[in-house]
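Here, each number is a calculation from the coordinates, and none is a lab measurement. A quick note: this is a predicted structure, and the numbers were derived from the prediction, not measured. For neighbour counting, all protein chains shown are included, and Cβ atoms are generated from backbone atoms with ideal geometry for every residue, glycine included.
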Amino acid sequence: MKSIGLKSAPPLKRLLWPSIILVALVTQIPFILTIYYSFLDWNLMRPDKGAKFVWFANFKAIFMGSEFYTVLGNTFILTACTLLLCLVFGLCLALLMNRDFLGKGLLRTIFVAPFFVMPAVAGIVWKTAILNPNFGITAYFAGVFGQDAVDWLGSYPLQTIIALVSWQWIPFFMLIILAGLQSVPKDAMEACMIDGASTFQRFIYVVIPHLLRYIEVAVLLGLLFIMQTFGEIYVTTSGGPGYASTNLPFYVYRVGFKGWDIGGASAIGVVIVIITLILLKYLFKFLRRTFRGELS
Amino acid sequence: MKKLLAVLLTIFTYLAAFIYFFPLLWMFITGFKNEGEAVIMPPSLFFHPTLDNYKIVWGSGIGAFLGNSAIIVVISTLLALILGVSAAYALSMFRMKKADDILFWFISTKMLPAVGVIIPVYIIFKKLGLLDSHLALILLYTAMNIPLAVWMMRSFFKDIPYELIESTQVDGATGLQGFFKVTLPLVKPGVISTGLLCFVFAWNEFLFGVSLTYTNSSTMPVFMASFMTQEGLFWGKMSAVATTAVLPSVILGWFTQKQLVQGLTMGAVKG
């Protein structure tokens with residue numbers, strides 16, 4: 001594709017600047033400050049002490065404490081298990097929805113709904129109506145089957161949050177995988193049928209390889225978003241009991257907005273951004289491969 | 001035999017959809033029960049639906065929070081659209097050396113965790129006296145949605161045949177006229193679904209809302225969380241509030257279904 005009249009390019013290029021400036025102002029400048037704050041001993045509850053430059057003391061305190069490793073482990077378990085559940089159930093639902101039947105559009109709409117529900121409400125509805133050990137639906141069914149009701153969020157906080165976050169993200173995976181299933185090349189399938197391949201063989205040798213690219217997109221994006229889970233934890237367990245269901249983003253909130261330890265919270269923020277940047281590198285490598293030159 | 005299997009699979013799909021949707025359905029139904037019936041065991045399926053919860057909730061000032069959400073979300077969505085569409089237009093129509101790098105820079109800002117900047121953002125807004133103000137959240141939500149708008153719109157602009165743009169140039173129209181008369185109408189469906197998705201994300205945003213507002217400009221998710229801590233025992237009222245809070249984003253979200261996959265994967269996958 002040719003570029004359009006170079007003469008008209010310069011004024012239109014300026015259209016870019018407002019977006020770049022605003023986004024940089026809100027995301028980049030504050031991050032530089034986060035790095036700076038992470039070297040300060042600064043607690044808003046102790047204005048008398050002021051802010052003191054302490055080099056890496058905040059990082060040292062974080063890495064020496066045991067909570068950080070609990071939180072890091074939680075973040076890993078939460079993200080990995082949610083991704084796995086999303087992938088398995090997303091694939092199953094996509095396969096179910098990739099058939100022709102009455103009311104397909106309606107069911108698709110129903111399956112997608114949880115994705116649009118705000119995390120705060122998703123957490124509250126699950127905590128009360130579904131999982132409450134006295135009045136929740138699960139308690140009722142436990143009673144019907146003669147079992148004791150389980151206090152899900154108290155006894156299995158992390159597992160319950162995994163289920164809850166999966167419930168919200170499975171539709172995202174379903175939609176992407178469904179888009180993949182619907183774009184399986186017809187000629188390859190026909191060639192396979194002529195060769196006498198069974199449905200199962202066709203699935204393994206044609207559909208799965210084609211789906212891999214879609215699954216890769218879903219997993220990479222899902223990973224980056226699910227790592228940032230916050231609202232669901234805030235309204236259900238507040239990260240407890242203890243640190244049992246605190247992940248990295250919620251840890252920043254606890255240290256920063258409950259403990260008012262600006263330096264400590266900033267240091268954790270820096271650690272999270274470094275982890276994310278490493279993951280982003282893989283996403284970008286993949287995206288650049290996908291678009292290969294058709295971006296500009 | 002094959003037909004039977006197909007019917008069974010369809011029934012199974014319906015069943016799965018019912019179970020999947022059940023938490024939301026139950027929330028919706030509970031909103032119409034009086035408080036006694038809301039927590040009764042076994043759960044009552046047959047009851048006299050009542051609008052009492054909605055009346056009480058509306059009387060208790062939920063309107064102010066809905067208003068905050070509406071003002072912040074609508075203004076930030078419009079701003080993100082104006083800025084994002086023009087940036088995407090410049091990026092996709094005019095070859096620039098650094099176009100990929102700019103695109104990837106945009107997306108990296110969207111992917112980086114908000115908690116990485118929340119502390120300085122709080123301090124800055126505190127110093128500027130903007131804590132608990134509409135302006136603070138409008139700025140943040142606009143910046144949060146611009147990358148999404150740029151990437152989504154880029155993939156819609158790409159679908160326009162080059163000859164069409166060229167023909168507007170031949171007619172002697174300026175770049176701007178060509179844009180408003182030819183290009184923009186072509187991508188109208190894309191602009192609409194981009195706007196709807198920006199709306200949904202801003203409407204549901206929680207971290208910035210809960211960290212930067214207290215009472216004056218709290219949005220619905222923040223009100224929801226504090227309502228639960230204060231009146232968490234009143235399930236009927238809580239369900240009514242929750243239903244009110246999720247309805248706008250779920251309904252608008254449904255309208256984006258066609259472009260949702262393309263939008264969420266930044267054009268890497270066409271839905």
Nearest 10, in degrees from 0 to 90: the angle of helix B:134-158 to the longest Cα principal axis of chain B is 60 degrees
Taking a ≥ b ≥ c as the square roots of the eigenvalues of the Cα gyration tensor, with a/c under 1.5 meaning rounded and otherwise prolate when a/b exceeds b/c and oblate if not, chain A is oblate
If every Lys and Arg gets +1 and every Asp and Glu gets -1 at its Cβ, then about the Cα centre the protein assembly as shown yields a dipole, in debye to the nearest 20, of 1380 debye
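How high is the relative contact order of chain A, given as a whole-number percent (alpha carbon pairs under 8 Å, six or more residues apart)? Write down the numbers at each step before the final one.
On the way: 306 pairs, mean separation 82.4, N = 296.
Value for chain A: 28 percent.
Counting Lys and Arg as +1 and Asp and Glu as -1, what is the net charge of the other residues whose Cβ lies under 12 Å from the Cβ of B:Leu212?
Neighbourhood net charge equals -1.
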Computed for chain B: size of charge dipole around the Cα centre, +1 on C-beta of each Lys and Arg, -1 on C-beta of each Asp and Glu, debye to nearest 20, value 480 debye
Nearest-0.05 FRET efficiency for A:Lys52 and B:Tyr214 at R0 = 25 Å, using Cβ-Cβ distance, is 0.30
If unit charges are put on Cβ atoms (+1 for Lys and Arg, -1 for Asp and Glu) and the dipole of region B:41-170 is taken about its Cα centre, the option from B:Asn53, B:Met144, B:Ala64 lying farthest towards the positive end turns out to be B:Met144
Phi angles of region A:222-236, converted by Karplus (6.51 cos²θ - 1.76 cosθ + 1.60, θ = phi - 60°) into ³J(HN,Hα) in whole Hz with x for Gly and Pro, give x, 4, 5, 7, 5, 4, 8, 3, 9, x, 4, 6, 3, 8, 9
Sequence order, region A:60-74: Karplus ³J(HN,Hα) from phi using 6.51 cos²θ - 1.76 cosθ + 1.60, θ = phi - 60°, Hz rounded, Gly and Pro as x, gives 4, 4, 5, 6, 7, x, 7, 4, 4, 6, 4, 5, 4, x, 4
With a 20 Å threshold on alpha-carbon distance, the violating pairs from B:Lys98/B:Lys158; B:Lys110/B:Lys181; A:Lys49/B:Lys127 are B:Lys110/B:Lys181
Averaged over the residues of B:21-31, the number of partner chain Cβ atoms within 10 Å of each residue's own Cβ comes to 5
Around A:Gly269 (Cβ within 13 Å, Cβ-to-Cβ, excluding A:Gly269; K/R +1, D/E -1) the net charge comes to 0
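Hey, can you rank A:108-114, A:133-139 by average C-beta count inside 10 Å, highest first?
Those peptides, ordered most packed to least, come out A:108-114, A:133-139.
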Karplus-derived 3J(HN,Hα) from phi for region A:166-176 (6.51 cos²θ - 1.76 cosθ + 1.60, θ = phi - 60°), whole Hz, x at Gly and Pro, runs 4, 3, 6, 9, 4, x, 4, 5, 4, 5, 5
Mean other chain Cβ within 10 Å across B:98-106 is 4
Expected max-MSF residue from B:Met238, B:Met41, B:Met220 in the GNM of chain B (alpha carbon, under 10 Å) is B:Met41
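Please average, across the residues of A:243-254, the number of beta carbons from any other chain that are within 10 Å of each residue's own beta carbon, and give a whole number.
Values: counts 0, 0, 0, 0, 0, 2, 6, 2, 1, 8, 6, 0.
So the per-residue partner count for this stretch is 2.
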Spelling it out for A:Asp41: with amide H atoms placed in the peptide plane at 1.01 Å from N, the residues 5 or more places away or on another chain with amide H under 5 Å from its amide H are A:Lys52, A:Phe53, A:Val54
Heads up, region B:31-264 by the C-alpha gyration tensor (a ≥ b ≥ c square roots of eigenvalues; a/c under 1.5 rounded, else a/b over b/c prolate, else oblate) looks prolate
Expressed as a whole-number percentage, the relative contact order of region B:31-264 with C-alpha contacts under 8 angstrom and at least six residues apart is 33 percent
To the nearest 10 degrees, the tilt of helix B:99-111 (Cα long axis) against the first principal axis of the alpha carbons of chain B is 10 degrees
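Excluding A:Thr160 itself, what net charge comes from residues whose Cβ is under 14 Å from its Cβ, given Lys and Arg +1 and Asp and Glu -1?
Summing Lys and Arg as +1 and Asp and Glu as -1 gives -1.
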If unit charges are put on Cβ atoms (+1 for Lys and Arg, -1 for Asp and Glu) and the dipole of region B:31-264 is taken about its Cα centre, the option from B:Phe32, B:Ser193, B:Phe104 lying farthest towards the positive end turns out to be B:Phe104
Quick calc, B:Trp254 & A:Ala61: beta-carbon distance into FRET formula, R0 60 Å, rounding 0.05, result 0.80
Treating only Lys and Arg (+1) and Asp and Glu (-1) as charged, each at its beta carbon, one finds that region A:66-291 has a dipole about its Cα centre, in Debye to the nearest 20, of 500 debye
Longest principal axis of chain B (C-alpha) makes with the long axis of helix B:118-127 (C-alpha) an angle, in degrees to the nearest 10, of 90 degrees
